[in-house]
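Q: Just passing along the structure, written as structure tokens.
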Amino acid sequence: MEHKKIVIPSLSFFQDELKGEGVVKSRRTLGELAGIFENQDAYSQLPLDQLAYEVYSYLPEREGTPGGLYFGITQLYPGKVGDEYFMTKGHFHTILDTGEVYYCLSGHGYMLLESPEGDWSLQEMTPGEAVYVPKRYAHRSINIGDTPLVTFFVFRGDAGHDYGTIETKGYRNL
Ligand code: F6R
Ligand code: ZN
């Protein structure tokens, strides 16, 4: 039987970015965050094409493949909409029984967690601190500093993302 040598790509964290073959970069502008900020007047005065965050993801398995891990870096830029700080859209995982680890590389912020039953928690994120997102909890990062909030994340690769529940119901307890 022939044994093939497997190829493990080399990946590097450099200047708050994840680099390497197979790393996918995505971004969200303020225009893509419609409806998450309270102050609609303040929101409507900001440019829709302003960058709110960028995500570098290493996705070694095809979406839905069991047993793999997805990981990467999110850079959430500083800024405010009225009195509210820039935040990520926030999501549950489609497979609700999915935990996720966030590790803060730089900046200062919070992770807002909420379960479908409405149990919630706000966890501070400072460099060197990790936040464990328990399974079943929606998660949203908030940058309260004046530099990018940079976090490393890792979760099961078949988890999928459910944005719709937050879009329609929002975070109910804050
Ligand atoms: C993946 C995860 C992070 C976020 C990223 C952007 O499960 O939690 O990679 O996807 O911080 O936030 P969202 O996805 O809410 O726009
Ligand atoms: Zn997640």
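Q: Being closer than 23 Å to Ala159 by Cα, small (Gly, Ala, Ser) and more than 11 Å from ligand 1 (Cβ to nearest atom) narrows it down to one of Ser44, Ser115, so name that one.
A: Within the list Ser44, Ser115, the selection yields Ser115.
Results for (1) farther than 28 Å from Thr94 by Cα; (2) surrounded by 14 or more Cβ atoms within 10 Å (Cβ to Cβ); (3) touching a Leu at 6+ places or on another chain (Cβ under 8 Å), shown as yes or no for each residue.
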| position | (1), (2), (3) |
| --- | --- |
| Ile6 | yes, no, no |
| Glu17 | no, yes, no |
| Glu21 | no, no, no |
| Glu38 | no, no, no |
| Glu54 | no, yes, no |
| Pro66 | no, no, no |
| Gln75 | no, yes, yes |
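Q: Okay, moving on. Could you tell me which residue of region 117-153 is surrounded by the fewest Cβ atoms within 10 Å (Cβ to Cβ), considering only residues that are near ligand 2 (Cβ under 10 Å from one of its atoms) and aliphatic (A, V, I, L, M)?
A: Val133
Q: Being more than 24 Å from Gly35 (Cα to Cα) and within 14 Å of ligand 2 (Cβ to nearest atom) is the requirement here; does Tyr102 meet it?
A: yes
Q: Okay, moving on. Identify, from the list Gly35, Gly64, the residue that is at pLDDT below 95, more than 13 Å from the chain's Cα centre (by Cα), in a loop (DSSP other than H, G, I, E, B) and under 16 Å from Arg140 (Cβ atoms).
A: Answer to the check: Gly35.
Q: Quick check on my filter: what residues within region 97-112 are away from ligand 1 (no atom under 11 Å from the Cβ), under 27 Å from Pro60 (Cα atoms) and either part of a loop (DSSP other than H, G, I, E, B) or in contact with a His (Cβ under 8 Å, 6 or more places away or on another chain) (or both)?
A: Asp97
Q: Take the residues of region 3-13 that are more than 16 Å from Thr151 (Cβ to Cβ) and among the hydrophobic types (A, V, I, L, M, F, W, C): which is nearest to the chain's Cα centre (by Cα)?
A: Here the residue is Leu11.
Q: Next question. Return the pairs, sorted by first residue and then second, in which the second residue is at pLDDT below 95 and within 9 Å of ligand 1 (Cβ to nearest atom), the first residue lies in region 68-92 and is in a strand (DSSP E or B), the beta carbons are less than 8 Å apart, and the residues are 6+ apart or on different chains.
A: Between residues of region 68-92 that are in a strand (DSSP E or B) and residues that are at pLDDT below 95 and within 9 Å of ligand 1 (Cβ to nearest atom), the close pairs are His91/Ile166; Phe92/Ile166.
Q: Scanning region 118-149 for residues that are near ligand 1 (Cβ under 10 Å from one of its atoms) and in contact (Cβ under 8 Å) with a residue 40 or more places away in the chain, which turns out farthest from Ala34 (Cα to Cα)?
A: Of everything passing the filter in region 118-149, Leu149 is farthest from Ala34 (Cα to Cα).
Q: Oh, and also: If Val55 meets every condition in (1) in a strand (DSSP E or B); (2) without any contact (Cβ under 8 Å) to a residue 12 or more places away in the chain apart from one, which number is that one?
A: Only one criterion is unmet by Val55, namely (2).
The values are calculated or read from the model by the stated rules, or taken from the named source; none is laboratory data. Since this is a predicted model, take the numbers as computed values, not measurements. Virtual Cβ from ideal backbone geometry, glycine too; neighbours counted across all protein chains shown.
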